[in-house]
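Visitor: Take this structure first; my questions come after.
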Amino acid sequence: MENKKIVLLGSTGSIGTQTLEVVENYSEYLSVVALCAGSNVALMEKQIRKFKPLLAVMWSEEAAKDLKEKVSDLPVKILSGMDGLIEAATMAEADIVLTAVVGMIGIRPTIAAIEAGKDIALANKETLVCAGHIIMPLAAEKGVRILPVDSEHSAIFQSLHGEKGNKISKILLTASGGPFRNMTTEQLRTKTVEDALKHPNWSMGRKITIDSASLVNKGLEVMEAGWLFDVPVSKIEVVVHPQSILHSAVEFEDGAVIGQMGVPDMKLPIQYALFYPNRLPMTGNKLDLFAVKDMTFEKPDPEVFRGLALALRAAAEGGSMPTVFNAANELAVSRFLDKKIGFLDIYEIIEKAMDAHTLIANPTVEQILEAEREVSEVC
């Protein structure tokens, strides 16, 4: 197996650090040519010294300047901002770009990477939610593979392996239910940031953990799955599965249901995407069904967890509405994490932004980014 060279967008976040653990475990097969992060200069310096990339990018110019001074003894190029991300994503040396940045920041570098012929390991769901109508046709045109890294989408991808040509009856997209599963609207009203960050199964970044608590994350995943697997949203069913053992499944028209199970560990889908179609040994816990004993499945309540209902509305309206949904949620979650609003206010802000928006049926990248800016003015 030849050494695969990786560009990692979002190297200091949860997915990024776990990706680097996989790289370290398989250093004979994987190497890093570029690392990109937001503002965590201290961790980026450690990553540069350990993985020796050719290029490192910080989002802010100030952070990049600080980093440049700290690694002045090393032969690494330091850049900043969107221009830096795009340069990293299009490096001639790269074989695959793993995009693990949070938010719509991932759209432009992902498009640039596809245009440069790079395979994409996708852990940034907003990219397809907002620009799937641009990205999926472009990937097909360029012969580029989009390899899902989210555990649910990886499970669907694995379940479809070898099933080309067979018709899908529906996709069963699992959700843990988050820390607030089975709670009422009144109970949600008093929930704090600290409450929302206590996810029962998964270790994720702060923003995604809040999205999991509100079920907004599952709404985004429904939209992403629609684009990834060319399935109408009406054929994607969200199933609350609190044990997080079945990571998602596909029902075919003959009634057969094929799913992927495993312990809740993000390194498994990361590793699968990086080595696809090969499977390599992975250290750590393996699934023990005798220890699990029970697996349960429930329907979500979209009247209580309105993030899911609003996401399905955004998906049905299409065009620029998913961008508005996503941008409003990003704004609301930021305010919630800063303790400026309550948990239920997240839904109110999303709905207000969607109600105020004038739909654009087939938005360009510029119109997508403009829709994001409009949300901050409305909310």
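Visitor: If you check V97, V102, which single one turns out to be in contact with a strand residue (DSSP E or B) (Cβ under 8 Å, 6 or more places away or on another chain) and either within 30 Å of L310 (Cβ to Cβ) or modelled with pLDDT of 95 or more (or both)?
Guide: Answer to the check: V97.
Visitor: Does Q271 satisfy being assigned to a helix (DSSP H, G or I) and farther than 16 Å from L160 by Cβ? Step through it out loud before you land on a result.
Guide: Details: assigned to a helix (DSSP H, G or I): yes; farther than 16 Å from L160 by Cβ: yes.
The answer is yes for Q271.
Visitor: Continuing with the same structure: Filtering the stretch 2-14 down to residues that are modelled with pLDDT under 95 and buried (at least 18 other Cβ atoms within 10 Å of the Cβ), which residue is nearest to V102 (Cα to Cα)?
Guide: Step one: of the stretch 2-14, the residues modelled with pLDDT under 95 are 2-3, 13-14.
Among the residues that remain, those that are also buried (at least 18 other Cβ atoms within 10 Å of the Cβ) are: 13-14.
Values: G13: 9, S14: 10 Å.
Looking at the filtered set, the residue picked out is G13.
Visitor: Being farther than 19 Å from N329 by Cα, surrounded by 16 or more Cβ atoms within 10 Å (Cβ to Cβ) and either at pLDDT 95 or above or among the acidic types (D, E) (or both) is true for just one of A113, A140. Which residue is that? Working first, answer last.
Guide: Values: A140 fails: surrounded by 16 or more Cβ atoms within 10 Å (Cβ to Cβ).
The match here is A113.
Visitor: May I pose another question? Would you mind telling me which numbered condition in (1) under 26 Å from Y272 (Cα atoms); (2) hydrophobic (A, V, I, L, M, F, W, C); (3) in a helix (DSSP H, G or I) M91 fails?
Guide: Of (1) under 26 Å from Y272 (Cα atoms); (2) hydrophobic (A, V, I, L, M, F, W, C); (3) in a helix (DSSP H, G or I), only one is false for M91: (3).
Matching residues to (1) at pLDDT below 95; (2) not polar (S, T, N, Q):
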{"residue": "P264", "(1), (2)": "yes, yes"}
{"residue": "P269", "(1), (2)": "no, yes"}
{"residue": "N285", "(1), (2)": "yes, no"}
{"residue": "L289", "(1), (2)": "yes, yes"}
{"residue": "D294", "(1), (2)": "yes, yes"}
{"residue": "K299", "(1), (2)": "no, yes"}
{"residue": "F305", "(1), (2)": "no, yes"}
{"residue": "R313", "(1), (2)": "no, yes"}
{"residue": "A316", "(1), (2)": "no, yes"}
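Visitor: Since E163 meets every condition but one in (1) at pLDDT below 95; (2) part of a loop (DSSP other than H, G, I, E, B); (3) crowded, with 18+ Cβ neighbours inside 10 Å, which condition does it not meet?
Guide: For E163, the exception is condition (3).
Visitor: Need the failing condition index for H247 against (1) more than 17 Å from L337 (Cβ to Cβ); (2) part of a helix (DSSP H, G or I), just the number.
Guide: Just one mismatch for H247, condition (2).
Visitor: If you take the residues in the stretch 17-73 that are of a type in the set (D, E) and either in contact (Cβ under 8 Å) with a residue 40 or more places away in the chain or not in a helix (DSSP H, G or I) (or both), which one is surrounded by the most Cβ atoms within 10 Å (Cβ to Cβ)? Lay out the reasoning, then the answer.
Guide: First, the residues of the stretch 17-73 that are of a type in the set (D, E): 21, 24, 28, 45, 61-62, 66, 69, 73.
Filter again for either in contact (Cβ under 8 Å) with a residue 40 or more places away in the chain or not in a helix (DSSP H, G or I) (or both), leaving 21, 28, 73.
On the way: E21: 15, E28: 8, D73: 7.
That would be E21.
Visitor: For residues that are crowded, with 17+ Cβ neighbours inside 10 Å and on the phi > 0 side of the Ramachandran plot, scanning just the stretch 217-257, find the one that is modelled with the highest pLDDT.
Guide: S248
Visitor: For the stretch 160-184, how many residues are within 13 Å of F229 (Cα to Cα) and either aliphatic (A, V, I, L, M) or out of contact with any strand residue (DSSP E or B) (no Cβ under 8 Å at 6 or more places or on another chain) (or both)? Step through it out loud before you land on a result.
Guide: Our first condition is that a residue be within 13 Å of F229 (Cα to Cα); within the stretch 160-184, this holds for 160-161, 163-173.
Subsequent filtering for residues that are either aliphatic (A, V, I, L, M) or out of contact with any strand residue (DSSP E or B) (no Cβ under 8 Å at 6 or more places or on another chain) (or both) retains 160-161, 164-165, 168, 171-173.
Qualifying residue count for the region: 8.
Visitor: Just to check your reading of the model, which residue among P148, P179 is of a type outside the set (A, V, I, L, M), in contact with a helix residue (DSSP H, G or I) (Cβ under 8 Å, 6 or more places away or on another chain) and within 19 Å of G259 (Cα to Cα)? Before you say what the answer is, go through the steps one by one.
Guide: Values: P179 fails: within 19 Å of G259 (Cα to Cα).
When all the criteria are applied, what remains is P148.
Visitor: How many residues does the stretch 1-16 contain that are assigned to a helix (DSSP H, G or I) and under 21 Å from L79 (Cβ atoms)?
Guide: Of the stretch 1-16, the ones assigned to a helix (DSSP H, G or I) are 14-16.
Now restrict to residues that are under 21 Å from L79 (Cβ atoms): 16.
Qualifying residue count for the region: 1.
The values are calculated or read from the model by the stated rules, or taken from the named source; none is laboratory data. Note that the coordinates shown come from a computational prediction; the quantities given were computed from them, not determined experimentally. Virtual Cβ from ideal backbone geometry, glycine too; neighbours counted across all protein chains shown.
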